[in-house]
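> Could you have a look at this structure, given as structure tokens, before my questions?
The values are calculated or read from the model by the stated rules, or taken from the named source; none is laboratory data. Bear in mind the structure is a predicted one, so any value in this text is a computation, not a measurement. Note that we place each Cβ from the backbone using ideal geometry, even for glycine, and neighbour counts take in every protein chain shown.
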Amino acid sequence: MREEESVIDTQQLTQLVATCLLEKKARDVVVLNVEGRVSYCDHLVLCTANSARQVRSLAEHIARTLKPMGKRPMGMEGVQAGQWALVDLGDVVLHIFDPDSRGHYDLDGLWIDVPRISLESLGITDVPEAETAPFL
């Protein structure tokens, strides 16, 4: 019997992803609203990991957390290299960077003109300030 995929909207998925990242000590978590700007997703989530091991751990944690809900990543790239991992969750695309790669690719700067979605507006209120500061 095929497992039914649970219904989870974009905001709920974004909230779950951000919560998972913070649980595993990701830094500089930023949520960008790119709805209507690109055809492949509505939200981009960016974060920084402290090491290649943490890049892998964060990506794998997201996949493990979503699996019981019947939601699987559509694709995962760069996880083993550990410098920049991309996790495609459909309406939400997650980018996990090591600090050098985040600065080098500068997706924060590339998407400077799109609205940021605060973690507070996603219902995530108990976050140390240093972990939510925008990476610029």
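Residue-by-condition table, conditions (1) over 13 Å from Val29 (Cα atoms); (2) modelled with pLDDT under 95:
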position	(1), (2)
Leu94	no, no
Asp113	yes, no
Ile117	no, no
Ile124	no, yes
Glu129	no, yes
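> Now, a different point. Can you pull out the residues in region 9-63 that are in contact with a Pro (Cβ under 8 Å, 6 or more places away or on another chain) and either free of Cβ contacts under 8 Å to residues at least 12 places away in the same chain or surrounded by fewer than 15 Cβ atoms within 10 Å (Cβ to Cβ) (or both)?
The one that is in contact with a Pro (Cβ under 8 Å, 6 or more places away or on another chain) and either free of Cβ contacts under 8 Å to residues at least 12 places away in the same chain or surrounded by fewer than 15 Cβ atoms within 10 Å (Cβ to Cβ) (or both): Asn50.
> Next up: Looking only at residues that are in a loop (DSSP other than H, G, I, E, B) and surrounded by 14 or more Cβ atoms within 10 Å (Cβ to Cβ) in region 73-89, which one is nearest to the chain's Cα centre (by Cα)?
Going through region 73-89, the residues in a loop (DSSP other than H, G, I, E, B) turn out to be 73-74, 78-83, 89.
Checking which are surrounded by 14 or more Cβ atoms within 10 Å (Cβ to Cβ) leaves us with 73, 78-79, 82-83, 89.
Working: Pro73: 12, Gly78: 14, Val79: 13, Gly82: 15, Gln83: 15, Leu89: 9 Å.
Ranking the qualifying residues of region 73-89, first place goes to Leu89.
> What are the residue pairs meeting all of these: first residue in region 97-117, first residue more than 25 Å from Ala52 (Cα to Cα) and touching a residue at least 12 places away in the same chain (Cβ under 8 Å), second residue part of a helix (DSSP H, G or I) and among the polar types (S, T, N, Q), Cβ atoms under 6 Å, and 6 or more apart or on different chains?
Qualifying pairs under 6 Å: none.
> Let me ask something else. Considering only region 57-66, I want to know if a residue exists there that is modelled with pLDDT of 95 or more, assigned to a loop (DSSP other than H, G, I, E, B) and not β-branched (Val, Ile, Thr).
No - not one qualifying residue is present in region 57-66.
> For region 40-56, name all the residues that are among the charged types (D, E, K, R) and either in a strand (DSSP E or B) or touching a helix residue (DSSP H, G or I) at 6+ places or on another chain (Cβ under 6 Å) (or both). Before you say what the answer is, go through the steps one by one.
First, the residues of region 40-56 that are among the charged types (D, E, K, R): 42, 53, 56.
Scanning region 40-56 gives a single hit, Asp42.
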